[in-house]
Amino acid sequence: MLALIGGTGLNTLEGIEGFQLSRKEGVATRYSETAVEVCVFSYSGVELLFIPRHGDGHVVPPHRINYRANIDALRLAGATQVVAMNAVGGIDPQLCPGSLAIPVQIIDYSYGRVSSFYEDNLDGVVHIDFGEPYSRKLRAVLLDAAARANAPLREPVLVIDGGVYGCTQGPRLETNAEIKRLRSDGCTMVGMTGMPEAALAREVGLDYASIGLVVNWAAGITQDIITLDEIYSVIDAVSPFVHALIREVIKPS
Ligand code: HPA
């Protein structure tokens, strides 16, 4: 079953054309005191799972998210594939606000986050292969779905195949110098929530890919300061396409 992890700008699928909330399941995990609420939606007869990463009401900042509980709850609820929505700042000149990118690589600059299921009570140390952090198969599904979502549009939305996601700690945005450093490291986009989520999904064998939704230019790429108002106006403008893209991902092709 497909699961969607919503990020900034996608807190629920309720009210989106075609989606019906079937039920909410409280899923108890070993990693949280309270159960994780997993929403089960149906779209054209197909069920999918949904979790808002920042919690109901968008209240949990990136560095305080219980990534382990979220991933484990999705696994326990029957997910086999996870599509993550991640708002990002564009570093590469191609990645202008309002475009999307399906990243192919990650550099993790976050720190102090519990980042593995293999922490204690181990029979032995575990090292997952993470050379290609995103599922090739699921990336291809997303890119195909994006092409189908774009097909009827007079002005297609730019969807970039690839790019390197730099994951910063947040919740503050970066300094101009930090973005310069990320750029010279090869990052094309920057966000705060891509890790450890992707690695945890790999640890439990879930197919995982990300939709990077570019909501601003990263710090210092333009002279402008970054405002939440601008970020939300970009999200509003691109949301219909994001919804169409999700519908195409679910529709059996
Ligand atoms: N930096 C980090 N995370 C982000 C940004 C950014 O510029 N925009 C959206 N998420």
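Here are the numbers for the structure shown:
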| item | result |
| --- | --- |
| Most fluctuating residue given options Ile231, Ile128, Ile65, as computed from a GNM of the chain linking Cα atoms under 10 Å | Ile128 |
| Accessible area in square angstrom per residue, the chain, 1.4 angstrom probe | 48 Å² |
| Highest-fluctuation residue, Tyr31, Tyr165, Tyr118 considered, GNM on the chain with Cα pairs under 10 Å | Tyr118 |
| Distance between the range 187-253 and the range 27-101 - C-alpha centres, whole angstrom | 11 Å |
| Rounded if a/c under 1.5, otherwise prolate or oblate - the range 125-223, Cα gyration tensor axes | oblate |
| Gyration tensor (alpha-carbon) shape descriptor, the range 174-253, a/c threshold 1.5 | oblate |
| DSSP-assigned coil residues among trypsin sites (Lys or Arg not before Pro) in the range 163-193, each with at most 11 further Cβ atoms within 10 Å | Arg172 |
| Cα centre as origin, Lys/Arg/Asp/Glu Cβ charges: the chain dipole, Debye | 240 debye |
| Relative contact order (%) - the chain, alpha-carbon pairs under 8 angstrom, separation at least six | 26 percent |
| Kirkwood estimate for the range 1-143, i.e. one over the average of 1/r between Cα atoms, Å | 16.9 Å |
| Residue-averaged [θ]222 nm for the chain, counting only DSSP H segments that reach four residues, each worth -39500 (n - 2.57) | -8000 deg cm²/dmol |
| Fraction of the pair-distance distribution of the chain above 23 Å, Cα-Cα pairs, percent | 48 percent |
| Of all accessible heavy-atom area on the chain, the percent that carbon and sulfur account for (1.4 Å) | 49 percent |
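The values are calculated or read from the model by the stated rules, or taken from the named source; none is laboratory data. What you see is a predicted model; the values in this text were computed from it and never measured. Don't worry about glycine lacking a Cβ; one is built from the backbone with ideal geometry, like all the others, and counts go over all protein chains shown. These area figures cover heavy atoms from the full protein model, side chains too; ligands, DNA and RNA do not enter into them. Shrake-Rupley method; radii C 1.70, N 1.55, O 1.52, S 1.80 Å.
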